[in-house]
1. Go through (1) closer than 21 Å to G534 by Cβ; (2) open to solvent by less than 10 Å² (accessible area, probe 1.4 Å); (3) at pLDDT below 85 one by one and return the number of the condition A494 breaks.
2. Restricting to the range 17-39, name every residue that is under 14 Å from V6 (Cα atoms) and in contact with a helix residue (DSSP H, G or I) (Cβ under 7 Å, 6 or more places away or on another chain).
3. Any residue in the range 84-91 that is open to solvent by less than 10 Å² (accessible area, probe 1.4 Å), in a helix (DSSP H, G or I) and of a type in the set (S, T, N, Q)?
4. Name the residues in the range 329-344 that are in contact (Cβ under 8 Å) with a residue 12 or more places away in the chain and open to solvent by less than 40 Å² (accessible area, probe 1.4 Å), would you?
5. Taking the conditions exactly as written (crowded, with 19+ Cβ neighbours inside 10 Å and over 29 Å from the mean Cα position of the chain (by Cα)), does L238 satisfy them or not?
6. How many of the residues making up the range 315-337 are at pLDDT 95 or above, within 17 Å of H296 (Cα to Cα) and assigned to a helix (DSSP H, G or I)?
7. Scan the range 502-517 and tell me whether some residue there is in contact with a strand residue (DSSP E or B) (Cβ under 9 Å, 6 or more places away or on another chain) and at pLDDT 75 or above.
8. Name the residue that is surrounded by the fewest Cβ atoms within 10 Å (Cβ to Cβ), counting only residues in the range 14-55 that are among the acidic types (D, E) and at pLDDT below 90.
Amino acid sequence: MRVLHVGKFYPPYRGGMEVFLADLIQEQRRQGVDAHALVHGDPQPDDPTWVQRVPVQFNLVYAPMALGFRQALGSAIDRIKPDVLHLHMPNNSALWALTLPGARKVPWVVHWHSDVVVSNIKWSVALAYMLYRPFEQALLERAQQVFVTSPPYLQASNALKRWRDKCDVVPLGINLRGLPPAEPLETSLQWRPDTQLRLLSIGRLTYYKGFETLVRAVASLPGVELLVAGDGELRETLQAQIDSVTPPGSPPASRLLGAVDDAQKHALLAQCDLFCLASRERTEAFGIVLLEAMQHAKPCLVTDLPGSGMPWVVSHAHCGLHVPFEDVDAWRSSIARLQHDPFLRARLGLAGHKALHQHFSIGPCERTTFRHYRGLAPDTQAPAPARELMVVISTRNNAPDIAHLLQRVRALVNAPVLVVDNRSTDATCHLAERHGARVLRPLLAMTPWGSLQTGVRHALALGYASVITIDAEGRYEVEELPALLATRHQADMAVAYFAARNSLPRRAAWQWLRWVTGLGLRDFVSGFRLYNRGAMEVAASAEATLLDYQDIGTLLLMRRQGLRITEVTLAMHTPKVDRSRIFRSWANAVRYLAVSSLLSIAHGRRGRVTADTTKRA
């Protein structure tokens, strides 16, 4: 699937909208979507081929004016031939899509980052919106789908009122695959050594950010210092305010740092005690910088701004407190409360860090977005494989083991990892996401085979050529992944066999099943398997869904399709508790053998599959 994003800017410009756009496109491309971006700005020497920037000649009421944008958009549509046009609003240049015949042939998705707020502070914005609104509404009418970043913003938006039937709430997310390498904070950016509470705020120095409120609030708080990272048209005004509230001979309680690069921004977030966002208009729709603060487990203090998603994010994550907007006394009181309650700060910071991984990572956002893409362009092919291999792990209450398992998988094979969690009641999901795995959590409890089949279907839909499955409740040895992978060209499916601690009842059961099925295997319940694409299609088929057991049923289906099956003997390095339900009781074992025997008789003994008993050197 090919997607063309039309945005405002792209990194190294570091606004919240740009951070999200970059993370979304990179995640889409990692998942096999052919995503491109058309944005404002001067071309950069290290730009990837899928980013095109259009130079801006001037700005008019905070809007970039790029005279060549219409031609660039038309050329990009002709060149890329997108299946979906993804328009990020507000963006005056995106309105050119209304005038292009090529654009009207493609489904449109509108990502509604913010209303153009009819400002009570800036009359020029209100006047400009009178001209902008008819075109904005025409674009919304033409769009098939509108993404809104939070429920409160959708409810409060006058611009979206007529189009709520085509709106869906898709919270923003950020890339959690790792923070930038830790860097020391430059001396000029550090808080004073005697500071008791280090406050930080980040954003463009513009009219709706409310930095004036923060400057006044901290001016009379002893032991508190506020650093503001960012630049903008109000820098001189804010500096004059800081000077006016600072007593002669005293150090200022607030300092303007100017623009900082990404590494220093994260260094500031890592060292601050409290992150503040005092925005005073709904132009602040979400506050993606809050997610970056949560990434560093920092508590957040934000304006309780009606109709903004900013307080919703903090409430949803339980990561901070709300303050009435432009209420200096309330800000001062809340800051003082957090200054003298370090345990509350720590609790809020940890809650935010946990909620970030559960609700605000880029993965769920990308998956929801792609689902809507497929609804608008159902005839497009599945994404091309980003890699040849995906590792699928079925889990249920495996919190003690999942972190180590994921770390070893990533160290041993260069492949994405999908964890299918079968309704765990412990921290399995959180730990899996924290260690970089994509997690699927079905709404209903499933059998182990149902979990693995869900993962195989997911890999198949994304176009992967092969998949390794691991049933974390059974016997496996993750260190043997390379040995299992080495058999990928020897057969359509390879089944791992671990001879260690194979009990007498198991050996008797397998001897019986070898005679009944004609399959020369020595372990019929191993969930440690390697499938190629042909075997994946059989495993994901509707017929395989009707089977109670993944072992006998799928093996018989593979044989009926003429696929090659091999068994690979592997060493068991680490003792493991076998949590297989089949041999948990004699009743389970007898039932399993009876059902498997009936399946085998129904399918017939069509030839014999011999096992490859070659051990790894």
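1. (3)
2. Kept after step one, since they are under 14 Å from V6 (Cα atoms), are these residues of the range 17-39: 17-18, 20-22, 24-25, 35-39.
Within the range 17-39, F20, L24, A35, H36, A37, L38 meet the criteria.
3. Start the filter on the range 84-91 by keeping residues that are open to solvent by less than 10 Å² (accessible area, probe 1.4 Å), which leaves 84-89, 91.
In the following step, the residues that additionally are in a helix (DSSP H, G or I) were identified as none.
No, because not a single residue in the range 84-91 is open to solvent by less than 10 Å² (accessible area, probe 1.4 Å), in a helix (DSSP H, G or I) and of a type in the set (S, T, N, Q).
4. Those that are in contact (Cβ under 8 Å) with a residue 12 or more places away in the chain and open to solvent by less than 40 Å² (accessible area, probe 1.4 Å): W331, S334, I335, A336, L338, Q339, L344.
5. Details: crowded, with 19+ Cβ neighbours inside 10 Å: yes; over 29 Å from the mean Cα position of the chain (by Cα): yes.
Considered against the rule, which asks whether it is crowded, with 19+ Cβ neighbours inside 10 Å and over 29 Å from the mean Cα position of the chain (by Cα), L238 comes out as yes.
6. Count: 0.
7. Taking the range 502-517 first, the residues in contact with a strand residue (DSSP E or B) (Cβ under 9 Å, 6 or more places away or on another chain) are 513, 517.
If we keep only those that are at pLDDT 75 or above too, we end up with none.
No; the residues of the range 502-517 include none that is in contact with a strand residue (DSSP E or B) (Cβ under 9 Å, 6 or more places away or on another chain) and at pLDDT 75 or above.
8. The initial filter retains those residues of the range 14-55 that are among the acidic types (D, E), namely 18, 23, 27, 34, 42, 46-47.
Then keep just the ones that are at pLDDT below 90; that gives 18, 27, 46-47.
Numbers: E18: 20, E27: 22, D46: 6, D47: 15.
Checking each candidate, the answer is D46.
The values are calculated or read from the model by the stated rules, or taken from the named source; none is laboratory data. Only a predicted model underlies this, so the values are computations on that prediction, with no experimental measurement involved. All Cβ positions, even for glycine, are placed from backbone atoms using ideal geometry, and neighbour counts span all protein chains on display. Just the protein is used for accessible areas: all its heavy atoms, side chains included, with ligands, DNA and RNA removed. Shrake-Rupley method; radii C 1.70, N 1.55, O 1.52, S 1.80 Å.
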